[in-house]
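Read through the structure below, which is laid out as structure tokens, and then see the notes.
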Amino acid sequence: MTRSIPVQAVPAEFANDDVAHDECGVLGLSTPHGDGVAQLAFFGLFALQHRGQEAAGMAVSDGKRARVHKEPGLVSTVFTPDALAPLTGYHAIGHTRYSTTGSNAERNIQPFLVETMHGPLSVAHNGNLVNATGLRDELLNKGFGLTATSDTEVFTLMLAAAGGRTWQERIERTLPAWKGAFSLVILASDQVIAVRDPWGFRPLSVGRLPHGGHAVASETCALSTLGCVDIDEIHPGEMVTLRGAEIERQQVLAPQPNAARCTFEFVYFSRPDSVWDSKSVHHVRQQLGVELARESLVDADVVIPVPDSSIPAAIGFSKESGLPFNDGLIKNRYIGRTFIEPTQDIRERGVALKFNALSENLEGKRVIMIDDSLVRGTTAGPLVKLVRDAGAAEVHLRITCPPITHACHFGVDMGHDGDLMASHLSVAEMEDHIGADSLAFLSLDGMMRAVAGREGGVDDGYCNACFTGTYPLAVGDAQAKLAFEGVLH
């Protein structure tokens, strides 16, 4: 980290607090020539920006020495030409962050980089360990000093202290202790190693770079941006080693029989041009809309999406229902997070800061508004009001997943159970609270028909715990997001 920027509080009105936030995106690169590896990593991280906007970081190694640069902010502002210039080498890992375990304090920004008796070690990860509290206590009891409050530091220090002749051996010995979701990228001197948990919670794929070498990334869209070919998903429990032009794949943990890919990747997180589990995210979202139309069609004049993630679903709903699709809301894609304190007048405008309604498409119309999810319920009501104020005669809200009733402990920041609107209100009560003429959610079976092409619930390769409360592994020891914030900086 070449300089420090304090993380300022973000006004709630400017934070998109009615959606679930993914923890991050991870990236790893290894090339035989070393030309512009930091620049390649920059563009790969830029393609993963949607997975985390709090901070970004990159570690680069020339085979002997490793350097890291990480700061709060977006990829485009963190990695200036001056910041990239000293990041020379053949191997790199990178990270875009939204915090789940640990606050958005600067000390939690990834990648973590430490010096070990085996050389430099840098780690970044996407996911969340449900047993991080116990593992952290073990490190403290052994005399380790922890400087951060992220479970990524737990990964790093456990690996640094592990026995074994190679990093692969140290990883293999340490892996069984980790319970929960993790897609890891590890930079160790002359190689990049990627590991995925045996449940397969979070996505991770690998591809071959066009001019030699390989890359791994949370989403295939980043690999496509880098021009990768031969793109393939890293399997649950698999370890992939990238060393220049060489690639080695090894199944180090047996995949869990109850695989648990996160369905929310399809509903909301992933970019629509990504492919996961051999499925196009855009196509799955269209199918979510198709299933929603089959289950909850109502007499209406137009179908509109809440942009952007709901656009494919609204198209699918429109095609299945025969109702015309049109834009009803225009999103200001640049409002993002701001450090400028809004005036009271601006603050009261709330959701209108992010969306403008197109009255010419809404006036006098019975509107079906498609949204991907309803989490805390803080923006659904203002959006309904915005559409109604633009002249809509009726507003029917349709959600492309079931009601979210339980917190996620595997790398998604949804808040606690009590924060979730559907955990304490019925659909009728939510409808009344939001002010919609009707409210309907896609059923679990309907969602799984769209995602997996079959009827099903939690036992068909996907994790639906946030909808059902049935977790694929015990979460009794899972910590709250800020549980480790005992030392304040």
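Values for this structure:
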read-out: Residue within the stretch 235-245 that is surrounded by fewer than 18 Cβ atoms within 10 Å (Cβ to Cβ), more than 23 Å from ASP35 (Cα to Cα) and either in the same structural domain as LEU175 (by TED's automatic domain parsing) or modelled with pLDDT of 95 or more (or both) present; value: yes
read-out: The stretch 265-298 - residue that is among the small types (Gly, Ala, Ser) and over 17 Å from ALA440 (Cα atoms) and, of those, surrounded by the fewest Cβ atoms within 10 Å (Cβ to Cβ); value: SER278
read-out: Set VAL68, VAL75: member being surrounded by 24 or more Cβ atoms within 10 Å (Cβ to Cβ) and either assigned by TED's automatic domain parsing to the domain that holds LYS331 or modelled with pLDDT of 95 or more (or both); value: VAL75
read-out: Counted residues, the stretch 267-322 - those being closer than 19 Å to VAL451 by Cα and either hydroxyl-bearing (Ser, Thr, Tyr) or part of a helix (DSSP H, G or I) (or both); value: 35
read-out: Answer residue from the stretch 299-317, given it is among the small types (Gly, Ala, Ser) and closer than 14 Å to HIS283 by Cα and is surrounded by the most Cβ atoms within 10 Å (Cβ to Cβ) among those; value: ALA313
read-out: GLY213 buried (at least 24 other Cβ atoms within 10 Å of the Cβ), over 20 Å from the mean Cα position of the chain (by Cα), over 30 Å from GLY461 (Cβ atoms) and not polar (S, T, N, Q); value: yes
read-out: Residue identified as under 30 Å from SER218 (Cβ atoms), modelled with pLDDT of 95 or more and not small (Gly, Ala, Ser) among MET447, MET414; value: MET447
read-out: Those residues of the stretch 188-205 which are out of contact with any His (no Cβ under 6 Å at 6 or more places or on another chain) and of a type in the set (A, V, I, L, M), in sequence order; value: ALA188, ILE193, ALA194, VAL195, LEU204
read-out: Filtered residues of the stretch 391-419 (kept if among the small types (Gly, Ala, Ser) and assigned to a loop (DSSP other than H, G, I, E, B)); value: GLY391, ALA392, ALA393, ALA407, GLY411, GLY415
read-out: Verdict on GLN256 being surrounded by fewer than 23 Cβ atoms within 10 Å (Cβ to Cβ) and in contact (Cβ under 8 Å) with a residue 24 or more places away in the chain; value: yes
read-out: Residue list for the stretch 359-377, filter: in a loop (DSSP other than H, G, I, E, B) and surrounded by fewer than 16 Cβ atoms within 10 Å (Cβ to Cβ); value: GLU363, GLY364
read-out: When residues of the stretch 147-175 are limited to those that are surrounded by fewer than 20 Cβ atoms within 10 Å (Cβ to Cβ) and within 12 Å of LEU135 (Cβ to Cβ), the one nearest to the chain's Cα centre (by Cα); value: THR174
read-out: Residue satisfying all of: in the stretch 457-480; surrounded by fewer than 18 Cβ atoms within 10 Å (Cβ to Cβ) and at pLDDT below 50; farthest from VAL290 (Cα to Cα) among these; value: ALA480
read-out: Helices (runs of 4 or more DSSP H) enclosed by the stretch 35-150 - at least 1 residues per element that are closer than 18 Å to ALA194 by Cα and in contact (Cβ under 8 Å) with a residue 24 or more places away in the chain; value: 37-47
read-out: All positions within the stretch 184-197 that are crowded, with 24+ Cβ neighbours inside 10 Å and assigned to a loop (DSSP other than H, G, I, E, B); value: ASP197
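The values are calculated or read from the model by the stated rules, or taken from the named source; none is laboratory data. The structure presented is a predicted model; accordingly, all values stated were derived computationally and were not measured. Ideal geometry is used to build each Cβ from the backbone, glycine not excepted, and the neighbour counts take in all protein chains shown.
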